[in-house]
Amino acid sequence: MRKIRVGIVGMGYIGESHIDAVRRIGDCVITAVADTNYELAKAKAEKYGIENCYASVEELIADKNIDAVHNCTPNYLHFDINRQIIESGKHLLSEKPLTCTYKEALELLAVAAKMPEVVAAVNFNYRMNPMVQEMRYRIARGDIGDVRIISGSYLQDWLLYDTDYSWRLEPEIAGNSCTIADIGSHWMDAVQHVTGNRITEVMADLVTFIPYRKKPKKLTETFTTAQGGEYELCKIENEDYGAVLFKTDTGAHGCFYVSELCAGHGCCFEFEINGSKASLRWNQEENDRLWMGLRDADNRYIIRNPNSISPGVRPYTSLAMGHPEGWNDAFCGNIRAFYNYILSDRKERPPFATLEEAAYIVRLVEAVIESSRKKAWVKV
Ligand SMILES: NC(=O)c1ccc[n+]([C@@H]2O[C@H](COP(=O)([O-])OP(=O)(O)OC[C@H]3O[C@@H](n4cnc5c(N)ncnc54)[C@H](O)[C@@H]3O)[C@@H](O)[C@H]2O)c1
């Protein structure tokens, strides 16, 4: 069988993770990469033995020997590049967020509706951690009863100092949110996916703790620092902390907070679901295990084990118990789910985030911003 030929646009921080993941999937081969920074794209193509290298999205999309394109560019380009990819008839795997505004997301859905043969996904990769999937199966099976309370956080520290800088702080590039759009979007997608609930009302408090930052005159990497180099002082509009109370369509209530100002945290992504019978909690930094809380019996850790994991989760795990799977594996699992779906009869609901689901996340991000500005609950 001919392999699916893949092109990747955007060779920055996450672009390389996409190269790594696709190379682990037997059904695919990367035939081209593109970046407006041609030198960077060339270096990655040479490093990984990728045949073709382009300096623009347009050239890559025009390449007839490509079946699917991954969009790994900064947020403000997602709408236009995703639109071009879908219209070309190539399958689309977009980085999150789907677009910067809900209006753009709706336009994209309309474009996709005219191209039903195109498979499109958004890379909310935490979904495909095996223990997140296990949580989803256990909740659907009724193991914890009715979902009542959903809580957690996503904490990082790469914006801790005023010398730390990223385009995620700039509304023209990132959209009107840094923290909620960047990591809050992952959190909201993951809890909606595991519970099957939809967040329908939010009350938010967004804060920009560091109102001025030293932007390095020479920006080299996505997470960069001005320490020791030349910089310009910039006023910061986007938030670096966000807390959200929310309600869901089934009557559950919850809260989460997210920030990149939490010293000592790299990717502390955690959520806990409290049901009418039991609780489940998962933390990305200990991702091979799931905590189950019970009132009338011993609490327990459920350790990832392909032999005992729920049958529906089996495709998302490969290593034997005791051989920890991590961020890279779940990331690859999400991309594998996308390609498995392309090769399937496409009758079942896909496990990855669809354009519709990702559009709803964009809507939620907007509602969170609106709520914080109005200091009031906002219905979605
Ligand atoms: N799923 C995840 O966990 C995850 C993690 C990190 C980043 N992301 C997402 O990935 C996207 C990229 O983030 P990053 O951290 O890799 O950013 P980055 O700045 O490191 O890389 C972006 C790359 O896109 C290139 N680029 C810019 N304009 C372009 C254009 N018009 N055509 C082609 N290439 C262009 C830049 O030269 C750069 O190399 C963002 O939307 C971000 O939200 C997702």
3J(HN,Hα) from dihedral phi, the stretch 198-214, Karplus parametrisation 6.51/-1.76/1.60, rounded to Hz, x for glycine, proline: 10, 6, 10, 8, 9, 9, 10, 10, 9, 9, 10, 5, 10, x, 10, 10, 8
Rounded FRET efficiency, nearest 0.05, which uses the C-beta distance separating Asp205 from Lys379 and R0 of 22 Å: 0.80
Viscosity 1.567 mPa s, temperature 4 °C, Stokes-Einstein D of the stretch 4-125 from Kirkwood C-alpha radius, µm²/s: 91
Estimated dipole of the stretch 4-125 in Debye, rounded to 20 [Cβ of Lys and Arg +1, of Asp and Glu -1, Cα centre]: 220
The stretch 259-306 - Kirkwood radius from inverse mean 1/r over Cα pairs (Å): 12.2
GNM result for the chain, Cα springs below 10 Å: residue of Asn238, Asn82, Asn52 fluctuating most strongly: Asn52
Choice from Gly229, Gly242, Gly15 with maximal GNM fluctuation in the chain (Cα, 10 Å cutoff): Gly229
MRE, 222 nm, helices only [DSSP H, n ≥ 4, -39500 (n - 2.57), over the chain, to nearest 500]: -9000 deg cm²/dmol
Over the stretch 1-65 - Rg/Rh using Cα atoms and the Kirkwood inverse-distance radius: 0.94
Value in Å of the Kirkwood radius, where the chain supplies the Cα pairs that are averaged: 21.5
Tensor-based shape of the stretch 118-226 (alpha-carbon gyration tensor, a/c under 1.5 rounded, otherwise prolate or oblate): prolate
Rounded to whole Hz, the Karplus (6.51, -1.76, 1.60) HN-Hα couplings of the stretch 365-380, x for glycine and proline: 4, 5, 5, 5, 4, 4, 4, 5, 5, 7, 6, 8, 5, 10, 7, 9
Fluctuation leader among His253, His91, His193 - the chain, Gaussian network, Cα springs under 10 angstrom: His253
Sorted peptide list for 360-370, 181-191, criterion being average Cβ within 10 angstrom, highest first: 181-191, 360-370
Loop sites in the stretch 307-361: trypsin sites (Lys or Arg not before Pro), DSSP, at most 14 other Cβ within 10 Å: Arg346, Lys347
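Computed from the coordinates by the stated procedures, all read-outs in this text should not be read as laboratory data. What you see is a predicted model; the values in this text were computed from it and never measured. Because the Cβ atoms are built from the backbone with ideal geometry, glycine has one as well, and the counts that use them run over all protein chains shown.
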